[in-house]
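A.B. asks: First, the structure itself, so that you have it in front of you.
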């Protein structure tokens, strides 16, 4: 496996991974029409724009030939604070925006490697504490973040394709302690 920083030129791979993983991972709780139109919403052009802005991302490949992208993780400054975090300075300065793997690579250690790989870049940007949001019905992801040492620190309601879902916030008080 080979992990490197993602660039706007990776937007096709990232978009495809994002759509494939979402369709497969959300199929038991998201509306089928929402899943069917994902490729219209999660486009390479949007990912290229996000990667040119403040979104940081790492992308994983099966090997250093970069022939097959297997997953990515995106992160940066906090975007969605938990409701209890009302101070001027956020309690959780960093956020993991998304972690997506092609379903063929679930359970192969890639997600753990990507989570561990963000610790140095997050620390260098002073995002030493971080959180992420995950849909509570996504039991596989909830279990994974618990295994990685995340603590439940909040929840909120969100709209996913016209359905209201509960999102859980998982936090790491020290990003270097991701397991």
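Derivation of every value follows stated rules applied to the coordinates shown; laboratory data play no part. Note that this is a predicted model, so its numbers are computed, not measured. Positions of Cβ are backbone-derived with ideal geometry, glycine not excepted, and every protein chain shown enters the neighbour counts.
A.B. asks: Taking R0 as 30 Å, what's the FRET efficiency between residue 12 and residue 89 from their Cβ-Cβ distance, rounded to 0.05?
C.D. replies: For R0 = 30 Å, the calculated efficiency reads 0.20.
A.B. asks: How much of the DSSP beta bridge set in the chain is antiparallel, as a percent to the nearest 5?
C.D. replies: Working: 32 of 35 bridges.
Percent antiparallel among DSSP bridges in the chain is about 90.
A.B. asks: Here is a follow-up. Classify the stretch 1-69 as rounded, prolate or oblate, taking a ≥ b ≥ c as the square roots of the eigenvalues of its Cα gyration tensor: rounded when a/c is under 1.5, otherwise prolate if a/b is larger than b/c and oblate if not.
C.D. replies: Working: a/c = 2.53, a/b = 1.51, b/c = 1.68.
It is oblate, given that a/c is not under 1.5 and a/b is not larger than b/c.
A.B. asks: How far, in nm, would the chain grow between residue 108 and residue 163 when pulled straight, counting 0.36 nm per residue and subtracting the alpha carbon separation? Present the calculation step by step, with values, prior to reporting the outcome.
C.D. replies: Numbers: separation 55, 0.36 × 55 = 19.80 nm, distance 3.11 nm.
Between residue 108 and residue 163, full extension yields an extra 16.7 nm.
A.B. asks: Specify whether the C-alpha gyration tensor of the chain places it in the rounded, prolate or oblate class, a ≥ b ≥ c being the square roots of the eigenvalues: rounded for a/c under 1.5, otherwise prolate if a/b is larger than b/c and oblate if not. Numbers along the way, then the final one.
C.D. replies: Details: a/c = 1.44, a/b = 1.11, b/c = 1.30.
Because its axes are fairly even, with a/c under 1.5, the chain counts as rounded.
A.B. asks: Rounded to the nearest 500, what is the 222 nm mean residue ellipticity of the chain from helices alone, with -39500 (n - 2.57) per DSSP H run of 4+ residues and division by all residues?
C.D. replies: On the way: 7 runs with 56 residues, N = 179.
The helix contribution divided over the chain gives -8500 deg cm²/dmol.
A.B. asks: Same structure, new question: Expressed as a rounded percentage, what relative contact order does the stretch 117-179 have, with Cα pairs under 8 Å and six or more residues apart? Please report the intermediate quantities before stating the final value.
C.D. replies: On the way: 94 pairs, mean separation 28.1, N = 63.
Value for the stretch 117-179: 45 percent.
A.B. asks: Can you give the extra length, in nm with one decimal, that the chain gains between residue 1 and residue 45 once fully stretched, where that is 0.36 nm per residue apart less the Cα-Cα distance?
C.D. replies: On the way: separation 44, 0.36 × 44 = 15.84 nm, distance 2.64 nm.
Value of the extension gain: 13.2 nm.
A.B. asks: Separate question: At residue 137 and residue 54, where each label point lies 7 Å from the Cα along Cα→Cβ, what is the point-to-point distance in nanometres?
C.D. replies: The answer from the label model is 3.2 nm.
A.B. asks: If r is the Cβ-Cβ distance from residue 116 to residue 67 and R0 is 25 Å, what FRET efficiency results, to the nearest 0.05?
C.D. replies: Working: r = 23 Å, r/R0 = 0.93.
FRET efficiency, residue 116 to residue 67: 0.60.
A.B. asks: Where in the stretch 16-33 does the label zone of residue 156 land, with the point 7 angstrom along Cα→C-beta and an amide N cut-off under 14 Å?
C.D. replies: Once the point is set 7 Å along Cα→Cβ of residue 156, nothing inside the stretch 16-33 turns out to lie under 14 Å by backbone N.
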